[in-house]
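The values are calculated or read from the model by the stated rules, or taken from the named source; none is laboratory data. Keep in mind it's a predicted model, so treat the numbers as computed, not measured. Here the Cβ positions follow ideal geometry from the backbone for every residue, glycine too, while neighbour counts run over all protein chains shown. Note: areas computed on protein heavy atoms with side chains; ligands, DNA, RNA excluded. Shrake-Rupley method; radii C 1.70, N 1.55, O 1.52, S 1.80 Å.
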Amino acid sequence: MTLQLAVLASGNGSNLQAILDRIADGALDAQVRLVLCNKPEARALARARAAGVAHLALAPADHPNRESFDAAMVAATREHGADTVVLAGYMRLLTPGFLAAFSGRVVNIHPALLPSFPGLRGAADAQDYGVTLAGCTVHFVDEQVDHGAVIVQAAVPVNAGEPLDDLKARIHAMEHRIYPQALQWLAEGRVRQEGRVVRVLPRLDGKAVAGIPDGPWLVWPPLEPGF
Ligand code: GRF
């Protein structure tokens with residue numbers, strides 16, 4: 001069923017753009033009913049404007065507390081007919097009241113392979129730690145930061161000594177693929193959550209996705225002949 005999305009963003013909005021693009025090309029069965037920002041200067045607002053999508057900036061400073069601000073966010077989201085909330089670089093924690101209003105219908109993308117490297121510096125923390133596989137995660141949102149059940153993850157190789165911006169760009173490119181895909185699975189009603197574990201049900205059109213191929217799937221630095 002066509003997803004009715006509210007996209008919450010605080011900044012650039014490249015994930016919003018990827019979602020808008022995949023809707024426009026027919027791959028993603030969704031409508032963006034509203035783009036909501038907590039910062040009036042967010043580029044995400046300009047992207048919404050350019051796409052002809054309703055958009056609104058709400059100022060936390062206009063509210064006495066987080067609960068009141070989030071109540072205004074819930075009201076705006078409902079008024080615009082959204083049933084699913086997509087966090088796309090939204091730099092505020094949602095209150096329990098907000099999450100209760102859209103129970104099981106709030107998703108986020110994080111630039112690391114959770115549960116490694118939660119928080120604001122996912123890609124930088126992965127690089128500082130010295131992992132050779134970084135990545136990104138789409139997950140349901142619960143009351144803990146970067147903690148809800150994982151829907152899909154993509155691994156991205158890290159080259160020792162590379163500029164952080166190169167790694168971030170590689171991660172972002174994968175974000176723009178896995179986020180629309182996860183939303184399309186939701187639109188198709190194929191996402192089942194049992195406790196922490198999410199299962200994506202097989203396609204109904206008989207076009208089965210191939211099973212897991214023989215490994216190695218991603219080894220970085222790559223294996224050399226003989227190993
Ligand atoms: C992304 O890296 C996402 O993983 C994180 O915030 C960033 C948002 O980027 N949650 P953009 O605004 O979509 O370009």
| query | For the residue pair D25 and L93, what label-to-label distance in nm results when each label sits 7 Å from Cα along the Cα-to-beta-carbon direction? | reply | 3.8 nm
| So how many Å³ per residue does the convex hull of the Cα atoms of region 117-175 work out to? | 73 Å³
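Counting only protein heavy atoms and a 1.4 Å probe, tell me what percentage of region 1-103's accessible area is made up of carbon and sulfur. Spell out each step's value before the answer.
Details: 2410 of 4600 Å².
Summing carbon and sulfur atoms, their accessible area is 52 percent of the total for region 1-103.
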| note | By accessible area (1.4 Å), largest first, D125, D21 order as D21, D125
| Lys/Arg Cβ at +1, Asp/Glu Cβ at -1, dipole of region 1-103 taken about the Cα centre: which of L8, L45, T84 is farthest positive-ward? | L45
| remark: A student asked for the Cα radius of gyration and Dmax of region 124-227 in angstrom ought to give 16.2, 47
| task | Please give the per residue volume of the convex hull enclosing the alpha carbon atoms of the chain, rounded to a whole number of Å³. | result | 145 Å³
| field | Length-normalised contact order of the chain in % [C-alpha pairs under 8 Å, at least 6 apart] | value | 18 percent
| query | Which whole-percent values make up P(r) of region 16-57 when all C-alpha to C-alpha distances are grouped in 10 Å steps starting at zero? | reply | 31, 55, 14, 0
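So for region 1-103, considering every pair of alpha-carbon atoms, how many percent are separated by more than 17 Å? List each step's numbers first, then the result.
Working: 2466 of 5253 pairs.
The calculated P(r) of region 1-103 puts 47 percent of pairs beyond 17 Å.
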| field | Computed lengthening from A72 to L133, 0.36 nm per intervening residue step minus Cα-Cα distance | value | 18.0 nm
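So how do M1, M73, M174, M91 rank on accessible area, 1.4 Å probe, biggest first, that is with the largest at the start?
Working: M1 170, M73 0, M174 55, M91 120 Å².
Result of the area sort, largest leading: M1, M91, M174, M73.
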| task | Identify, among A208, L93, L34, the residue whose Cα sits farthest towards the positive end of the charge dipole of the chain, taking +1 on the Cβ of Lys and Arg and -1 on the Cβ of Asp and Glu, with the dipole about the Cα centre. | result | L34
| request: Compute the accessible area per residue over the chain, keeping the other protein chains in place, probe 1.4 Å, unit Å². | output: 53 Å²
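Before anything else, pin down the relative contact order of region 1-103: Cα pairs under 8 Å, at least 6 apart, normalised by residue count, whole percent.
Dividing the mean separation by the residue count of region 1-103 yields 36 percent.
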| request: Determine the dipole magnitude for the chain: charges of +1 sit on the beta-carbon of Lys and Arg, -1 on that of Asp and Glu, nothing else is charged, the reference point is the Cα centre, and the result goes in debye to the nearest 20. | output: 440 debye
